[in-house]
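A.B. asks: Supplied in structure tokens, the structure appears directly below.
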Amino acid sequence: MLNALSVDVEDWFQVGAFETVIDRNSWDSRECRVERNTDLVLELFDDAGVKATFFTLGWVAERYPALIRRIVENGHEIASHGYGHDRVFTFTPEQFAADLVRSRNLIENSAGVAVTGYRAPSFSIDQRTPWAHEILAEQGYAYSSSVAPIKHDHYGWAEAPRFAFRPVAGSDFLEIPVTTAELGPKRLAAGGGGFFRLLPYAFSRWAIHQVNERDGRPAVIYFHPWEIDPEQPRVPNAPLKSKIRHYTKLDVMAAKLRRLPQDFQWERLDSIVAREKARLAA
Ligand SMILES: [Zn+2]
């Protein structure tokens, strides 16, 4: 069973949890660590022989075009995470369409290859944005991995399917949600981010096994470059819960990530999507 590993390429000051305390106008004056951290991720993947998908902000592509090229040269998929990490439900449909075009142009100009995948910032495609998948399909995207089919305090669309589905009638455009596990009647977030970093590795291994063995489906896991960076600047005035989530176990994250390829096989999301499309068409 092949699983999908993905990296949401954004810097420590761009995360949703800090948006109330970090003014967007201050981004350019912050210490940028995304290039260094993403290079460390590339090294880690190279050592482990892993290919993955890098959902990258247009903002990052604009400033680090050489990084975008290195991602592509290393055999990974480059995909879009929007321009400036605005959540989709804060946009009008027209604003969303414009954000997609802007970020895709910036990424493709650096990458020299076509972008066919999209991940909404903070998994912000949900019941509030019935137009979002249609706009992605209209713009020629092959897939989105933007839905967290779970109830969570910052995000989630609890009623959404747990596995790949076609959200647009008459189109083979695919939504491939981030991984959840089931414990009795309860759905558990198991796709990564804080859950992968904060909980013992054994939880993630159990969840991915369940998805692969019991459900017979690929897992979709994600993390961020800042999660392997214990030296990143601290945000002193952030809410306590956000601080705990953001800063705990940054020092063990890289070692944890190295365990994933020992236990499971990983691929780019576009390859997984092609397999899921073939399965749904059969
Ligand atoms: Zn993000």
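A.B. asks: Residue-wise, which Karplus ³J(HN,Hα) couplings in Hz belong to the range 219-225, taking 6.51 cos²θ - 1.76 cosθ + 1.60, θ = phi - 60°, and x for glycine or proline?
C.D. replies: So the Karplus estimates, Gly and Pro as x, are 8, 10, 10, 9, 7, 10, x Hz.
A.B. asks: Further question: Please build a GNM for the chain, connecting alpha carbons under 10 Å apart, and tell me which residue among Leu240, Leu269, Leu44 fluctuates the most.
C.D. replies: Leu240
A.B. asks: Just name one of Thr90, Ala137, Gly192: the one whose Cα is farthest towards the positive end of the charge dipole of the chain (beta-carbon charges, Lys/Arg +1, Asp/Glu -1).
C.D. replies: Checking the options against the dipole of the chain, the answer is Gly192.
A.B. asks: Cα-Cα over 29 Å: which of Lys249/Lys277; Lys243/Lys277; Lys51/Lys241; Lys151/Lys241; Lys151/Lys277?
C.D. replies: Lys249/Lys277; Lys243/Lys277; Lys51/Lys241
A.B. asks: Also, quick follow-up: Long-range amide H contacts for Asn3: which residues qualify at under 5 Å (H placed 1.01 Å from N, peptide plane, sequence gap of 5 or more or a different chain)?
C.D. replies: The answer is Gln265, Trp266, Glu267.
A.B. asks: How much net charge surrounds Ser145 when only other residues with a Cβ under 12 Å from its Cβ are counted (Lys, Arg +1; Asp, Glu -1)?
C.D. replies: Details: positive: Arg119, Arg268; negative: Asp8, Glu77, Glu175, Asp270, Glu276.
Local net charge: -3.
A.B. asks: Once you place label points 7 Å from the Cα toward the Cβ at Ser29 and Gln95, how far apart are they in nm?
C.D. replies: Here the modelled spin labels are 2.5 nm apart.
A.B. asks: Please list 3J(HN,Hα) in residue order for the range 9-22, calculated via the Karplus relation 6.51 cos²θ - 1.76 cosθ + 1.60 where θ = phi - 60°; whole Hz, with x for glycine and proline.
C.D. replies: Calculated HN-Hα couplings, in order: 7, 8, 9, 4, 8, 9, 6, x, 5, 9, 5, 7, 10, 10 Hz.
A.B. asks: When the chain is modelled as a GNM with alpha-carbon springs shorter than 10 Å, which of Pro200, Pro167, Pro121 fluctuates the most?
C.D. replies: So, out of Pro200, Pro167, Pro121, the one fluctuating most is Pro200.
A.B. asks: Pick out which of Asn109, Asn25, Asn37 has the largest mean-square fluctuation in a Gaussian network model of the chain, springs linking Cα atoms closer than 10 Å.
C.D. replies: Its mean-square fluctuation being the largest, the pick is Asn25.
A.B. asks: Suppose the chain between Gln127 and Arg70 were pulled fully straight at 0.36 nm per residue; how much longer would it get relative to their current alpha carbon spacing? Walk me through the numbers before you get to the answer.
C.D. replies: Values: separation 57, 0.36 × 57 = 20.52 nm, distance 3.63 nm.
Stretched out fully, the Gln127 to Arg70 stretch lengthens by 16.9 nm.
A.B. asks: Which shape class applies to the range 1-140: rounded if a/c is under 1.5, otherwise prolate when a/b exceeds b/c and oblate if not, where a ≥ b ≥ c are the square roots of the Cα gyration tensor eigenvalues? List each step's numbers first, then the result.
C.D. replies: Values: a/c = 1.63, a/b = 1.22, b/c = 1.34.
The shape class here is oblate.
A.B. asks: Then there is this: Using θ = phi - 60° and the Karplus relation 6.51 cos²θ - 1.76 cosθ + 1.60, list the HN-Hα couplings for the range 41-48 in order, rounded to whole Hz, with x at every Gly or Pro.
C.D. replies: Coupling constants for the range 41-48: 5, 4, 5, 4, 5, 4, 4, 8 Hz.
A.B. asks: Now for a separate question. Could you look at the range 3-280 and say what percent of its accessible area is carbon and sulfur, using a 1.4 Å probe and all protein chains? Write out the running numbers ahead of the final one.
C.D. replies: Details: 5780 of 11410 Å².
Exposed carbon and sulfur together represent 51 percent of the surface.
A.B. asks: Further question: Could you give the dipole magnitude of the chain about its Cα centre, charging the beta-carbon of Lys and Arg +1 and that of Asp and Glu -1, in debye to the nearest 20? Show your work: numbers first, answer last.
C.D. replies: On the way: 34 positive and 37 negative charges, 164 e Å.
Approximately 780 debye in magnitude.
A.B. asks: Here is a follow-up. Please work out the FRET efficiency for the pair Ala202 and Ser171, using the Cβ-Cβ distance as r and a Förster radius of 35 Å; give the result to the nearest 0.05. Don't jump to the answer; show the numbers that get you there.
C.D. replies: Values: r = 39 Å, r/R0 = 1.13.
About 0.35, to the nearest 0.05.
A.B. asks: Taking amide H atoms as placed 1.01 Å from N in the peptide plane, list the residues 5 or more away in sequence, or in a different chain, whose amide H sits under 5 Å from that of Glu182.
C.D. replies: Here the answer is Leu188, since their amide H atoms fall under 5 Å of that of Glu182.
A.B. asks: Is it possible to state the helix-based mean residue ellipticity at 222 nm for the chain, with each DSSP H run of 4+ residues giving -39500 (n - 2.57), the sum divided by total residues, to the nearest 500 deg cm²/dmol? What is it? Write down the numbers at each step before the final one.
C.D. replies: Working: 10 runs with 102 residues, N = 282.
Computed ellipticity for the chain at 222 nm equals -10500 deg cm²/dmol.
A.B. asks: So what does Asp47 come to for accessible area, using a 1.4 Å probe and Å² rounded to 10?
C.D. replies: Approximately 130 Å² of Asp47 is accessible to the 1.4 Å probe.
A.B. asks: Keeping all protein chains in place and using 1.4 angstrom, which order do Thr38, Thr116, Thr20 fall into by accessible surface area, from largest down?
C.D. replies: Values: Thr38 0, Thr116 50, Thr20 115 Å².
Sorted by accessible area, descending: Thr20, Thr116, Thr38.
A.B. asks: Also, I was wondering about something else. Relative contact order, percent, of the range 134-282 when contacts are C-alpha pairs under 8 Å separated by at least 6 residues? List each step's numbers first, then the result.
C.D. replies: Details: 175 pairs, mean separation 26.9, N = 149.
That works out to 18 percent.
A.B. asks: Sticking with this one: Taking only protein heavy atoms into account and a 1.4 Å probe, give the accessible area per residue of the range 3-280 in Å². Kindly include the intermediate steps, with their values, before the conclusion.
C.D. replies: Values: 11410 Å² over 278 residues.
That works out to 41 Å² per residue.
A.B. asks: If you add up the charges near Tyr118, with Lys and Arg at +1 and Asp and Glu at -1, over every other residue whose beta carbon is less than 11 angstrom from its beta carbon, what do you get? It would help to have the intermediate numbers written out before the result.
C.D. replies: On the way: positive: Arg104, Arg119; negative: Asp99, Glu175.
Summing Lys and Arg as +1 and Asp and Glu as -1 gives 0.
A.B. asks: Under a plain spin-label model, where a point goes 7 Å from the Cα along Cα-to-Cβ, how far apart in nm are Lys151 and Tyr247?
C.D. replies: Modelled inter-label distance: 3.1 nm.
A.B. asks: So for the chain, averaging the separation of alpha carbon pairs under 8 Å that are six or more residues apart and normalising by length, what relative contact order in percent results? Mind showing how you got there, number by number?
C.D. replies: Values: 499 pairs, mean separation 67.0, N = 282.
Relative contact order, the chain: 24 percent.
A.B. asks: Further, regarding this structure: First select every other residue whose beta carbon is under 14 angstrom from the beta carbon of Lys186; then total the charges, Lys and Arg +1, Asp and Glu -1.
C.D. replies: Once all neighbours under 14 Å are counted, the net charge is +2.
The values are calculated or read from the model by the stated rules, or taken from the named source; none is laboratory data. In this text the structure is predicted, and so the values were computed from the model without any measurement. Because the Cβ atoms are built from the backbone with ideal geometry, glycine has one as well, and the counts that use them run over all protein chains shown. Quick note on the areas: whole protein, heavy atoms, side chains included, nothing else; ligands and nucleic acids left out. Shrake-Rupley method; radii C 1.70, N 1.55, O 1.52, S 1.80 Å.
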